[in-house]
Structure formats: C-alpha cells, structure tokens
Amino acid sequence: MLLVYTHKITPRLRYTFKQICTRILGIPVSFTATVEDFIAHDSLKMSYSRQPLGNEFFIRSQELLFEQGLSDVEIKVSDWEETKCFFANGEQSALPFDVFAASFYLLSRYEEYLPHVKDEFGRFTAEESLAFNNGFLRQPVVDIWAFKFRKALELQFPEFLFPERQYKITPVIDVPMAYNYKLKGIMRTIGGTFSDLFRLRLKNIYKRYSVIFGFKHDPFDTFKYIINKQKQVKDKFVFFFLIGDLSTYDKNINAQKSKFISLIKEVGDYSRIGLKASYFALNNISILKTEKLRMEAIINQDLCASRQSFSKLNLPESYRNLVELEIPEDFTMGYINHIGFRAGTCTPFFFYDLDYEIQTPLRINTYHVLDNALLKYQSTLDKKMHLNRIIKEVKNVNGEFVSVFHNYTFGAYPIWKAYKELFNIILDSTNEN
C-alpha cells in the first residue's frame, strides 16, 4: 500500500490518486495528514504538498487538487522526455511536473466547463482542447505519467513488487439503424421510394425492393459477421442499439417489432447490450428513462451502459442524468473527427462532478478511434498506419483500447472498403507481443 502524506485531504486528491495509483498501477493507496503516521509507515510512501517533510519521496503540489469550483487556470505545456506535461513544480520534486494536478485537469474534463466554441450539434471539439493544440491528443498522457511516477517510485523502493496489467480491447458496435430497408413499415417504405424517385436514384429503388422481397441481403444487416468475429476473441463487444421513437434525427426500427427485438436478444447471447440514447433523450431525463426501461424489458436485465447519439455530451448534465438513472457506464466520450484520447487516458475512470466536488459511480469509457474519423485518410495504407499507431500507444501502457464501428461499416458500400480489415487489426492486436 502507498501512503500519501498531504496537508489537506480533499475529494479531488482522493479521486486522482486512486485513479493513477490503484486503477492504472494496481497499488492500493491511503492518505494521512499526520506526520507521525507517515513516519511509522514501513512500505511505499510519499508526500504531496508545497514543501517536503525531510528526505522522503516528494512531489511538489499545485493548488488545483486543493481548490473547489472552477478558476482561471494558467497552463503552459512543455516537453517532458517523449511526451508533454504541464504544471511544472520545481527542482525539489521527484518529478518535474505535478502529474496529479495535470491528470485531474484532463480526467475531470475541466476545460469543457470553461467557455469554448461548440460545433453545429453543440459538441466540444478536438480543436478546442488543450491536447490537440499542444500536440499530445494521440498520447494517453495520464497513463504515461502514471508509469513515469511508478518508475520514480521503483528507484526509491526497489524491493517493492509492482503488479502488471494486461492490454485489452473493447470493440463498440454502434447501431443507429439496424436495417437500411427491412422492417421499415409501409409508410416509411413508400416515403423512401418517392424520395429516391425524386432524386432519380433508381438503383436504390431496385435495392430496396430486392431486399424487401428477399432477393438481396440488407446492406446494414452485418450482425452475423460481427458475431462470428466476437466468437474469435475473448474481450466482449458492446452493442448500442437505438430504440427511441422515430424523429428527424433517429430513424431506427420500431422497438416493438418482434424481429428487431429478436435481433437484440440474439446479439445479447454473445455480447454486451447497451442503450444508444436518442437525440431528444440527451436533454430530457424522462425520455432517457423511458428508453432505459424499454431496453431492460427487451434484454430482461439491468442496463449495463449507454452511449449518446452523435457522441454529444453536455457536461455535467448528460452524466448527471445517467447517474440519477443508475446507468453504470458510458461510452460517449471521444472525438468524431479525430482519433486520440479526449480525456488523456486509455483507462476507464469515474465521472467527477466539479460542481458538487464528488466522485460519482458512473464509469467513463473513452473511445480512441471512431470509424468516421478514419475516413479523412484517403488510402487504406494511411488508415492502417494511423490505426496501428494509436493501438501501439495503448499497448505501450497496457491500457484498454476502445474503438467504435457501426453495423453498416461492415456492409458493401464502397466508402467502407477495407474497414473489415481495419477491424481485424484491432481484434488481432491482443494476439501480438
């Protein structure tokens, strides 16, 4: 166990040290503000304060973990060996930066509470982030800092055996529309037909009715292929089905259709099932609750996770709604147009509510690659290169690689050519040394 001496034990301090020490490094941690207890401890120990007590392992603290609420934080990012860091803390410290304050800034999404420019859907964009603007978006810096902290501890306590964690993957399958043509109902089918006629998309009309009459396979129906892939790996996929009511933004199959329900149940026999919240559920907890109960009735168990439509988050409201409805995990946090680490980490963490200064029970799983983000790279070779680079960053710290692909990504549309190959790269990454 690591004992941390500090002049003030705060919720922020507990939250950050437990994430870095326990969840990333696997070391239990406890805290004391009593010098005598600190001196008596005969295992791993360190002080985290403004000044050292003596010659102990010491990291000089910034004020961020001892504050409440938001303040105008001045940040200067500097190079640190192969990575970046901020909150420099002087020569006395065992590390030249306060990695705990810096980690809290990223994990709490502090910058997303500050004034920023949103996109057309009201989302926080990569271009507004500290990581993007300072060149470390593609590094899981919190995990890198944690292992640098561990390395410094190993020098001080060479007899202590540190546990090792294993690299793993969590493939997310987003299902905003299970089928392109099947199970749409008469009115939607007629409406789609007239829309295609108006735009002279005659091939679409042929495809639509070939699928409806059973002559062709629905291009979005790739579930057998995905389940076969699930059977080949030990890490569970997480499918997020949209079951909200039909709207301008949400056009999935009616959740009362028995064949759609059967599909969800069949997928649930092999993988985890989560709820893809509808667009209007994002800001309306009553709609979200209705969809949660609807999904739980289908899968006959408590909902394990959610994912917001359009990867949209309104902090802290979006996460507070999930906490209130006792949804344990979320997979929304990431960037739709950039691959990388929105919260600076490849380790799941708990949502910290900056307004209430508490750690909540909501587990945040950030995704690092979205299939749409890879479309910006023209060639298959470039897509592979960028995907492999981000996988390597996660493997370097034995983290958890989370990718988001859609069911239609594995169809026959030319735009998604080679995406099955990219998905295989992710699945095969667990077999490599």
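The values are calculated or read from the model by the stated rules, or taken from the named source; none is laboratory data. Because the structure is predicted, anything quoted here is derived from the model rather than measured. Don't worry about glycine lacking a Cβ; one is built from the backbone with ideal geometry, like all the others, and counts go over all protein chains shown. Quick note on the areas: whole protein, heavy atoms, side chains included, nothing else; ligands and nucleic acids left out. Shrake-Rupley method; radii C 1.70, N 1.55, O 1.52, S 1.80 Å.
Under a 1.4 angstrom probe, counting protein chains only, how are W416, W145 ranked by accessible area, largest first?
W416, W145
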request  = Heavy atoms only, probe 1.4 Å: what % of the accessible area of the chain goes to carbon and sulfur, would you let me know?
outcome  = 52
query = Which Cα, out of Y270, L303, I285, lies furthest along the positive dipole direction of the range 209-328 (beta carbon charges, K/R +1, D/E -1)?
reply = Y270
key: Simple spin-label estimate for R363 and A88 in nanometres, 7 Å along Cα-Cβ   = 3.9
Percent RCO, i.e. relative contact order, over the chain, from Cα pairs under 8 Å lying at least 6 residues apart = 17
remark   = Sorting A418, H368, C346 by the position of each Cα along the dipole of the chain (Lys, Arg +1; Asp, Glu -1; all at Cβ), the one nearest the positive end of that ordering is A418
Gyration tensor (alpha-carbon) shape descriptor, the chain, a/c threshold 1.5 = prolate
note = Karplus-derived 3J(HN,Hα) from phi for the range 301-310 (6.51 cos²θ - 1.76 cosθ + 1.60, θ = phi - 60°), whole Hz, x at Gly and Pro, runs 7, 5, 5, 8, 6, 9, 8, 7, 4, 6
note = For 382-388, 340-346, ranked highest to lowest by mean beta-carbon neighbours within 10 Å, the order is 340-346, 382-388
key: Total charge dipole magnitude, the range 342-424, about the Cα centre, Cβ charges on Lys, Arg, Asp, Glu only, Debye to nearest 20   = 520
request  = In nm, give the distance between the simple-model label positions of V35 and E63, each being 7 Å from the Cα along the Cα-to-Cβ direction.
outcome  = 2.5
note = Row for the range 21-176, column shape: gyration tensor on C-alpha, a ≥ b ≥ c, rounded if a/c < 1.5 i.e. under 1.5, prolate if a/b over b/c, else oblate; value prolate
remark   = Expected sort for 96-105, 130-139 on mean C-beta neighbours within 10 Å, highest first, is 96-105, 130-139
Rounded to the nearest 20 debye, dipole of the chain from Cβ charges on Lys, Arg, Asp, Glu = 2360
message = Less than 11 Å Cβ to Cβ from G340, Lys/Arg counted +1 and Asp/Glu -1: what total charge do the surrounding residues give?
response = +2
message = Compute the distance from the alpha-carbon center of the range 95-147 to that of the range 362-433, in whole Å.
response = 22
request  = Place a +1 charge on the Cβ of each Lys and Arg in the range 253-364 and a -1 charge on the Cβ of each Asp and Glu, then give the dipole magnitude about the Cα centre in debye, rounded to the nearest 20.
outcome  = 540
Heavy-atom surface of the range 1-107, accessible at 1.4 Å and reported per residue (Å²) = 44
ask   = Once amide H atoms are placed 1.01 Å from N in the peptide plane, what residues at a sequence separation of 5 or more from S49, or on another chain, have their amide H within under 5 Å of its amide H?
value = I59, S61
request  = Quick one: what are the phi-derived ³J(HN,Hα) couplings along the range 395-410, Karplus 6.51/-1.76/1.60 with θ = phi - 60°, whole Hz, x for glycine and proline?
outcome  = 5, 4, 10, 6, x, 10, 8, 10, 10, 10, 10, 9, 4, 6, 4, 9
query = For the range 238-328, what relative contact order do you get, as a whole percent, if you take Cα pairs closer than 8 Å and at least 6 residues apart?
reply = 29
key: Rounded tilt (10° steps) of 419-428 against the dominant C-alpha axis of the chain   = 40
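Decide, for the range 96-180, between rounded, prolate and oblate: order the square roots of the alpha carbon gyration tensor eigenvalues as a ≥ b ≥ c, take rounded if a/c falls under 1.5, and otherwise choose prolate if a/b is larger than b/c, else oblate.
Oblate shape, in that a/c is at least 1.5 and b/c is the bigger or equal ratio.
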task = Compute the separation of the alpha-carbon centres of the range 263-321 and the range 211-236 and state it in Å as a whole number.
result = 22
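Test of understanding: what is the full-extension gain from M177 to S286, defined as 0.36 nm times their sequence separation minus their Cα-Cα distance?
Numbers: separation 109, 0.36 × 109 = 39.24 nm, distance 2.26 nm.
In short, 37.0 nm is gained.
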note = Along the dipole axis of the range 206-250 (charges at Cβ: +1 for Lys and Arg, -1 for Asp and Glu; origin at the Cα centre), the most positive-end residue among N228, F240, H217 is N228
ask   = Any idea what diffusion coefficient the range 217-354 gets from Stokes-Einstein, in µm²/s, Kirkwood Rh on alpha carbon pairs, 10 °C, 1.306 mPa s?
value = 99
request  = Give, in nm to one decimal, the length gained when the segment between K231 and F162 is fully stretched (0.36 nm per residue of separation minus the Cα-Cα distance).
outcome  = 21.5 nm
query = So what is the calculated 222 nm ellipticity per residue for the chain, using -39500 (n - 2.57) for each DSSP H run with n of 4 or more, over all residues, to the nearest 500 deg cm²/dmol?
reply = -9500 deg cm²/dmol
message = Could you order the peptides 153-160, 293-300 from most to least packed, using the average number of other C-beta atoms within 10 Å per residue?
response = 293-300, 153-160
note = Extension length gain for F310 and D382 (0.36 nm per residue less Cα distance), in nm, is 23.4 nm
